[in-house]
1. Report yes if some residue within region 161-174 is free of Cβ contacts under 8 Å to residues at least 60 places away in the same chain and among the hydroxyl-bearing types (Ser, Thr, Tyr); otherwise report no.
2. Within region 227-238, does at least one residue satisfy the condition of being among the hydrophobic types (A, V, I, L, M, F, W, C), more than 19 Å from the chain's Cα centre (by Cα) and more than 16 Å from ligand 2 (Cβ to nearest atom)?
3. With Thr34, Thr80, Thr64 as the choices, which residue is modelled with pLDDT of 95 or more, farther than 27 Å from Val104 by Cβ and of a type in the set (Ser, Thr, Tyr)?
4. Cβ-Cβ distance below 7 Å, separation of 6 or more or different chains: which pairs start in region 39-50 with a residue that is under 16 Å from Ile98 (Cα atoms) and end on one that is β-branched (Val, Ile, Thr)?
5. Between Gln28, Gln36, Gln2, which is away from ligand 1 (no atom under 16 Å from the Cβ) and in contact with a strand residue (DSSP E or B) (Cβ under 8 Å, 6 or more places away or on another chain)?
6. Could you grab me the full set of residues in region 16-40 that are in contact with a helix residue (DSSP H, G or I) (Cβ under 8 Å, 6 or more places away or on another chain), over 19 Å from Ala89 (Cα atoms) and not in a loop (DSSP other than H, G, I, E, B)?
7. Considering only residues of region 78-111 that are without any contact (Cβ under 8 Å) to a residue 60 or more places away in the chain and not charged (D, E, K, R), which is farthest from ligand 1 (Cβ to nearest atom)?
8. Looking at region 114-140 only, could you name the residues that are over 23 Å from Arg199 (Cβ atoms) and β-branched (Val, Ile, Thr)?
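The values are calculated or read from the model by the stated rules, or taken from the named source; none is laboratory data. Because the structure is a prediction, the values reported are computed rather than measured. Neighbour counts run over all protein chains shown; Cβ positions are idealised from the backbone, glycine included.
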Amino acid sequence: MQIKKVGVIGCGLMGHGIVQVAAQGGCQVVAVETEQKFLDSGLGRIDKSLAKLAEKQVKDGKATQEQATAFVAATKARITGTLDKKALADCDLVVEAIVENLDVKKTLFAELDKLCKPSTIFASNTSSFSIGEMGKASGRPANMVGLHFFNPVQLMKLVEVVRAADTSDEVFSAARSFGEACGKVPVSCKDTPGFVVNRLLVPYMAEAIKMLERGDASAQDIDIAMKLGCGYPMGPIELTDYVGLDTTLSIVEGWVKRYPNDPAFCVPNLLKQKVAEKKLGRKTGEGFYKWEGDKKA
Ligand code: CAA
Ligand code: NAD
């Protein structure tokens, strides 16, 4: 089962990066958004990112200027953007990277089942929801798999490949190969809440927010402590801004609703308050910190 044509639904923080690495891996890629302005913004970010990558290749002596320019042009030529999901009909794989809301994702996969050829593999980039439930909603559970990329997709080397109870061996293996073609190291995960990384990372981020809420330490000191004390590239408060406070809230609220007795899952009040104030982190220019583009102000 070879994946040559890929659809990516949602061209936001994660989707634009998935579009880019899939195109760099040699796939034809169709990026789907709900509105032209979101599509333009996602494709614009890819342009900037490819320019940075080309600059770095030349700087590091890995390519000449001509080779880097040709690489950017060839990658861009493999990408098309559209607002029409019908363009996904002949894709070998469709990766969903829309809002972290299980009902919205289930509705999307049910719609895709009617639009896509029978062999199309469906993948979700969900941070926290059950791949098996989405597979059931899609009407083709054997073709459903999790492909969980990490933020920023262009730089993070991992992809979690999630096997649900009904995922076929062929689909799982094709998804792993696709992850490798995107330049990532795949790890196999069961269909458990948060898979491997988020089951460990998100409760830690929530604990850090509760620590801030209690006034035990400032945001800056919590972040410095984890960076210098543990060697992490970002502290947990800055990382929550980087991921998106809305996405983080959806993850923890979903878990608490589903697993109310698991002490690892909680919803910090401060997180709810910030989201209510529309301070969603890097994507809105302010969360726990102020942001200018991809960097803290
Ligand atoms: N393409 C290619 N290269 C790029 C690039 C791009 N788009 N963007 C930047 N680079 C290069 C830069 O040129 C730079 O190269 P040099 O080292 O040669 O100068 C290098 O990559 C590093 O770039 P920056 O200096 O801009 O970045 P940084 O060193 O400050 O690191 C970071 C940024 C990689 C984001 C780092 O801070 C980090 O690893 N943070 C933690 C991220 C993390 O934990 N992500 C997981 C979030 S959780 C998740 O994703 C799961 C979920 O479901 C919520
Ligand atoms: P985002 O808000 O940046 O982007 C979502 C995009 O999807 C938006 O541009 C929106 O217009 C678009 N969209 C929404 N509904 C759509 C639909 N029906 N059809 C087409 N486009 C639609 O969100 P994000 O941070 O990129 O997260 C996307 C998914 O990836 C979520 O499931 C999230 O949990 C997961 N994820 C996020 C991160 C992260 O760090 N932010 C990391 C890994 C996984």
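1. Checked region 161-174: at least one residue is free of Cβ contacts under 8 Å to residues at least 60 places away in the same chain and among the hydroxyl-bearing types (Ser, Thr, Tyr).
2. yes
3. Thr64
4. Correct list of pairs: empty, since none qualify.
5. One residue alone meets the criteria, Gln28.
6. Answer for region 16-40, where residues must be in contact with a helix residue (DSSP H, G or I) (Cβ under 8 Å, 6 or more places away or on another chain), over 19 Å from Ala89 (Cα atoms) and not in a loop (DSSP other than H, G, I, E, B): His16, Gly17, Gln20, Gln24.
7. Among those that are without any contact (Cβ under 8 Å) to a residue 60 or more places away in the chain and not charged (D, E, K, R), it is Ala89.
8. Of everything in region 114-140, those that are over 23 Å from Arg199 (Cβ atoms) and β-branched (Val, Ile, Thr) turn out to be Thr120, Ile121.
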